[in-house]
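Here the structure is laid out as C-alpha cells; the discussion comes afterwards.
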Amino acid sequence: MRIDKYLKASHILKRRTISRELAENERVEINGRVVKPAHAVNVGDEVKVTFGNRYLKIRVLSTEEVKKKKDAVTMYEVIDEGFLEPRPE
C-alpha cells in the first residue's frame, strides 16, 4: 500500500491529499528515509510523520485497509510522539 493511502486508511490523517502534500514536502519518513507519496509501506516499517511542530512515529502492524475508525488503530502502534524543538535564530 502507498504511504499516502496508508496514512488515510489508518486514520492518522483525515485526507489523502494532506498525506500526499506532507510526503511531497519531505515530512514523511519510513525507516529513517524521506519518502515520496507513492512509496510502499510494509508491515514492520517505522513511519515518522511531521506536521507543524509536532511529530508522530509509528510501527506498521497491518496494511489491510479497514473501513471503521475503531478498527484502524489495529493497523499501527505508536512508538513516539511529541513536539519538535524550536530552531535557534
I'd like the GluC sites (Glu not before Pro) in segment 1-42 restricted to DSSP loop residues with at most 13 other Cβ atoms within 10 Å, sorted by number. Glu26
In whole angstrom, how far apart do the alpha carbon centroids of segment 44-60 and segment 1-39 sit? 10 Å
A correct Karplus calculation of ³J(HN,Hα) over segment 62-75, with 6.51 cos²θ - 1.76 cosθ + 1.60, θ = phi - 60°, whole Hz and x for Gly and Pro, returns 7, 10, 6, 6, 10, 9, 9, 4, 5, 8, 5, 5, 7, 7
From the phi of every residue in segment 24-38, what ³J(HN,Hα) in whole Hz does the Karplus formula 6.51 cos²θ - 1.76 cosθ + 1.60 yield, where θ is phi - 60° and glycine or proline is x? 5, 9, 6, 10, 10, 10, 10, 6, x, 10, 5, 10, 8, x, 8
Trypsin sites (Lys or Arg not before Pro) lying in DSSP loop within segment 38-89, provided at most 13 other Cβ fall within 10 Å: Lys67, Lys68
Explain nothing, just compute: Karplus ³J(HN,Hα) = 6.51 cos²θ - 1.76 cosθ + 1.60, θ = phi - 60°, for every residue of segment 13-20 in order, whole Hz, x for Gly and Pro. 10, 6, 10, 5, 5, 5, 5, 5
Any idea what the relative contact order of the chain is, in percent, if you count C-alpha pairs under 8 Å spaced at least 6 apart? 26 percent
Straight-line reach from Lys48: which lysines fall under 16 Å, measuring Cα to Cα and dropping same-chain residues less than 8 apart? Lys5, Lys8, Lys36, Lys57
Rounded to the nearest 500, what is the chain's calculated 222 nm mean residue ellipticity when only DSSP H runs of at least 4 contribute -39500 (n - 2.57) each, over all residues? -5500 deg cm²/dmol
Could you tell me whether the chain comes out rounded, prolate or oblate from its Cα gyration tensor? Rule is a ≥ b ≥ c as square roots of the eigenvalues, rounded for a/c under 1.5, then prolate if a/b exceeds b/c, otherwise oblate. prolate
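Which trypsin sites (Lys or Arg not before Pro) does segment 1-35 hold that lie in a coil by DSSP with at most 15 other beta carbons within 10 Å?
Details: sites: Arg2, Lys5, Lys8, Lys14, Arg15, Arg16, Arg20, Arg27, Arg33; in loops: Lys14, Arg15, Arg27.
Hits after loop and neighbour filter: Lys14, Arg15.
None of the figures in this text is laboratory data; all of them are computed from the coordinates on show. As the structure is a prediction and not an experimental result, all values here were calculated from the model. Using ideal geometry, Cβ is built from the backbone for each residue, glycine included, and neighbour counts are taken over all protein chains shown.
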